[in-house]
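Shown next, in structure tokens, is the structure this report addresses.
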Amino acid sequence: MNTGDYENHDGLALAGLLERGEVDSTELMDCAIALAEQRNPALNFLIHSQFETSRRIAAEWAPRGAFRGIPFLLKDSGFAHRRFPSSIGSRLFRDTVFDFDATVANRFESAGFIPFARTTVPELCMAGTTDAARNGGATLNPWDRRLSAGGSSGGAAAAVAARVVPVAHGSDGGGSIRIPAACCGVYGLKPSRGRVPMGPSRGEGWAGMSTDGVLSISVRDTAAALDAIGGYEPGAPYAAPPQAGSYLEAVREQHIVPMRVGVLRRAWNGIAIAPECDAAVDFTVSLLEGLGHQVVELAPPPIDYDGFVHAHGSILAGNIVVAVHNRMKVLGRVVREDELEPVILDGWHVGQALDAAAYIDAVSRLHAVGRAFATAMADVDLLLTPTLTQLPCPVDYLSLAGGDRLGFRAYRQRAASYSTFLPVINGAGIPAASLPLHWTDREIPVATQLIGHFGREDTVLTVSAQLERAAPWAHHRPKFG
């Protein structure tokens, strides 16, 4: 197989070739590595590569799982894997090694994924762009290199959009799968709280806001991956409702059961929504109605949005303090200020000033958001919103380098006006997906977000697949020289 053929297949299609003996895992790994070597220098989406070791593993691989033995990328999120160190986009955490594998790392392997590198992230995964001194600068958008690839799973989204791999690991604690999926024109699902375990070393991330998942070319790849990595882990503090059946079978279902979809066209606090993002919602509404679904206009759930943004920031700041404290215990010294990006350094100071009461109040605000969304969605099956309020932002707009002197709290406010409809979904703990259904005349993706009830990834995935069939996006490819 050559790289041109490889790029034309999603993950399950490559798995089918493996199943039929038309290719082997070594050929696929060679294609993925060749594309990575060609395209990473221009975009900067890879770190901690292990090409030769991964080739040897592919050569000895015994086919298994839905994906049989296809190339894969892990996010540099501190996700434990014995073979790959992690820096979490940080000079302070540079090259952290593990003596165990995360539960989901083992589930990825059982699913038939062979990782060969990690993908870039901003420092501590706390930005809606991927720009870190540790990574040598920004990860660029394959569609327009003046734009951000999004974050924090920006490297994963850029790699999938560049067709280096059809599926890549991501995580989402405030939009970190859906922001880069929107920026790079790929599919990204944030699962429900408790759907994907975080063990064995952690029970939750960011007060239950964070979850692992994948970004992919196709809806069916995400469905098959979630079949593999989802499910309760004994001892975990959260559990999503058990899935009724296979997510992959749900997206294959051709019969359309009409659903009631609420659409949110306004944001909280009068935050402006770009005309292109409004147009993407209109286009998605037309597709839904053409499929036989009923679309109704809804007002945004009545939440204290400023209070939520402050609470979200407090939880992140508290996590900065814990992460830095634990790292200093390992290193046996105090942190140097030049080891943290300016916005994260200020967040560290903010976190040190927080007390237990502030943290408990922040968590309570997350729970209030969950109740508000449950009430607002009582009469609908799904919600539709823009994914972002604006087109993909310039590379430096959300940089943690703090070139415009924004402090941590002001930075969180800026982020909240860009990814307005995303962190609230993490607070609510409900599933949501970003779909690249609409494109500008300049071939810039403009995504919409589909939100489901708690534990109902099946509904989000099923309707996502219907929309993908109605307006396919896989033929949109960024150009490389």
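Shape verdict for region 406-475, please, from the Cα gyration tensor: rounded (a/c under 1.5), prolate (a/b greater than b/c) or oblate. Can you show the working numbers first?
Details: a/c = 4.49, a/b = 1.30, b/c = 3.45.
Verdict is oblate for region 406-475.
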Region 162-190 scanned against label point 7 Å out from residue 283 along Cα→C-beta; backbone N under 12 Å for 185
Among (1) 20.6, 62; (2) 28.2, 108; (3) 26.2, 80, the entry derived from the coordinates for Rg and Dmax of the Cα atoms in Å: (1)
Short version: ³J(HN,Hα) in whole Hz for each residue of region 234-239, in order, from phi by Karplus 6.51 cos²θ - 1.76 cosθ + 1.60 (θ = phi - 60°), x for Gly and Pro, what are they? x, x, 5, x, 10, 9
In sequence order, calculated HN-Hα J values of region 331-347 (Karplus, 6.51, -1.76, 1.60; Hz; x Gly/Pro): 7, x, 7, 9, 6, 9, 5, 7, 8, 10, 4, x, 5, 5, 4, 5, x
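How would you rank 169, 325, 9, going from fewest to most other Cβ atoms within 10 Å of each one's own Cβ?
Values: 169 29, 325 13, 9 22.
By the 10 Å Cβ count, ascending: 325, 9, 169.
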Residues whose placed amide H lies under 5 Å from that of residue 114, excluding near-sequence neighbours: 70, 72
Residue-ordered couplings for region 79-88, obtained by feeding phi - 60° into the Karplus form 6.51 cos²θ - 1.76 cosθ + 1.60 and rounding to whole Hz (Gly and Pro as x), are 5, 6, 8, 4, 7, 10, x, 9, 10, 6
Built amide H within the under 5 Å cut-off of residue 211, gap 5+: 172, 173
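Based on the Cβ-Cβ distance of residue 51 and residue 479, what FRET efficiency does E = 1/(1 + (r/R0)^6) give at R0 = 30 Å, to the nearest 0.05?
Numbers: r = 25 Å, r/R0 = 0.83.
So, using R0 = 30 Å, E works out to roughly 0.75.
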Separation in nanometres of the label points that stand 7 Å from Cα toward Cβ, at residue 356 and residue 60: 5.0
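Given 0.36 nm per residue, what is the gain on full extension from residue 413 to residue 37 after removing their alpha carbon distance, in nm?
131.6 nm
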Between region 309-329 and region 209-278, how far is it from one alpha carbon centroid to the other, in angstrom? 28
Spacing of the two label points (7 Å from each Cα toward its C-beta) at residue 249 and residue 294, in nm: 2.9
Sequence-distant lysines (8 or more away, or on other chains) whose Cα lies within less than 25 Å of residue 479: 75
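Grab the DSSP H runs of the chain that are 4 residues or longer, score each as -39,500 (n - 2.57), total them, divide by all residues and round the 222 nm result to the nearest 500 deg cm²/dmol. Don't skip to the end; give the middle numbers.
Details: 16 runs with 190 residues, N = 481.
Helix-only estimate at 222 nm: -12000 deg cm²/dmol.
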Would you mind checking region 338-359 for residues with the amide N under 16 Å from a putative spin-label position 7 Å along Cα→C-beta of residue 133? 338-349
Burial ranking of peptide ranges 13-24, 430-441 (average Cβ count within 10 Å, highest at the top): 430-441, 13-24
State the answer as a single residue: which of 218, 79, 41 lies farthest towards the positive end of the charge dipole of region 3-470, with beta carbon charges of +1 for Lys and Arg and -1 for Asp and Glu, about the Cα centre. 79
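Every number in this text was worked out from the coordinates using simple rules, so none of it is lab data. Every value quoted in this text rests on a predicted model; they were computed, and no experiment measured them. Counting neighbours? That spans all protein chains shown, and the Cβs are built from the backbone with ideal geometry, glycine included.
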